[in-house]
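The values are calculated or read from the model by the stated rules, or taken from the named source; none is laboratory data. Treat the numbers as computed from the prediction; the structure is a model and nothing was measured. Backbone-built Cβ (ideal geometry, glycine too); neighbour counts: all protein chains shown.
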Amino acid sequence: MRKILFLVALISIIVLAAGCNGVEEDVELKEFSDEIEDWVIKEFSRVGLDTAKSVLEQELEDLIRLTDLEEETIREVVKVLKEEFEE
């Protein structure tokens, strides 16, 4: 029983430490519906990009090629998403 409690406590400490060490959680794109139009979010989702980090991990050229969005639209979305992780 003591070993189990120790392991639970250790796991809790690791999880808390990860949250305090700048490890950022990902955010679903639909959480940005007040800043990004729904049809734009749907276009990213159509190609499997459902989260902020999944979009940010792509090169601009790849996003242009994968989606049916204009470059300026993609740049605006990337700007909004980057601002979320800078805070």
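If the requirement is being modelled with pLDDT of 95 or more and not in a helix (DSSP H, G or I), which of these qualifies: Leu69, Leu63? Please lay out each step first, then the result.
Details: Leu63 fails: not in a helix (DSSP H, G or I).
Going through Leu69, Leu63 in turn, the sole match is Leu69.
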**Residues of segment 48-75 that turn out to be over 19 Å from Glu25 (Cα atoms) and either aromatic (Phe, Trp, Tyr) or free of Cβ contacts under 8 Å to residues at least 24 places away in the same chain (or both), as a count** = 13
**Asked** Are there any pairs with C-beta distances below 6 angstrom linking a residue in segment 24-47 that is over 11 Å from Leu69 (Cβ atoms) and aromatic (Phe, Trp, Tyr) to a residue that is part of a helix (DSSP H, G or I) and modelled with pLDDT of 95 or more, with the two at least 6 apart or on different chains, and if so which?
**Response** none
**Message:** So, in segment 38-77, how many residues would count as being exposed (fewer than 15 other Cβ atoms within 10 Å of the Cβ) and of a type outside the set (D, E, K, R)?
**Reply:** 3
**Complete:** Exactly one of Val15, Val8, Val77 is part of a helix (DSSP H, G or I) and at pLDDT 95 or above, and that residue is Val77
